[in-house]
1. Looking at (1) at pLDDT 90 or above; (2) over 11 Å from the mean Cα position of the chain (by Cα); (3) within 14 Å of residue 45 (Cβ to Cβ), find the lone condition where residue 56 falls short.
2. Inside the range 52-68, can you point out the residues that are in contact with a strand residue (DSSP E or B) (Cβ under 8 Å, 6 or more places away or on another chain) and surrounded by fewer than 15 Cβ atoms within 10 Å (Cβ to Cβ)?
3. Could you tell me whether the range 24-33 includes any residue that is at pLDDT 90 or above and either away from the ligand (no atom under 16 Å from the Cβ) or not in a strand (DSSP E or B) (or both)?
4. If residue 19 satisfies all but one of (1) modelled with pLDDT under 90; (2) within 16 Å of the ligand (Cβ to nearest atom), what's the number of the condition it fails?
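The values are calculated or read from the model by the stated rules, or taken from the named source; none is laboratory data. Predicted model, so just to flag it, every value in this text is computed and none were measured. Cβ: placed from backbone, ideal geometry, glycine included. Neighbour counts: every protein chain shown.
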Ligand SMILES: [Zn+2]
């Protein structure tokens, strides 16, 4: 369904302009594709790709969609760098699932301590 890029309201297929903002609606992006981070929340920073993959699988096991945002810039000044950040990247989850994701990660980290 088309939605308004300004106010994020979703409209029926027959509507092409937002009634509130008077801007053209855009087709809704597939849920797995992240075109902007407005609806995603960086719940955790990870130091490397391995940690990112682990946390992603932990969350996905709980049916929480995950997007791993990598800070790394492949050819930053000719050298593989990370855009001046000490973390490798962020774990992003949809804002409406943040409480559930926090609980899920807490359970995971607690299990690490015990084990
Ligand atoms: Zn609008």
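1. Among (1) at pLDDT 90 or above; (2) over 11 Å from the mean Cα position of the chain (by Cα); (3) within 14 Å of residue 45 (Cβ to Cβ), the lone unmet condition for residue 56 is (2).
2. 53
3. yes
4. So the condition that residue 19 fails would be (1).
So that you can scan it fast, the table gives a plain yes or no per residue for (1) more than 30 Å from residue 17 (Cβ to Cβ); (2) in a helix (DSSP H, G or I); (3) touching a helix residue (DSSP H, G or I) at 6+ places or on another chain (Cβ under 6 Å); (4) modelled with pLDDT of 90 or more:
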position: 37; (1), (2), (3), (4): no, no, no, no
position: 80; (1), (2), (3), (4): yes, no, no, no
position: 83; (1), (2), (3), (4): yes, no, no, no
position: 97; (1), (2), (3), (4): yes, yes, no, yes
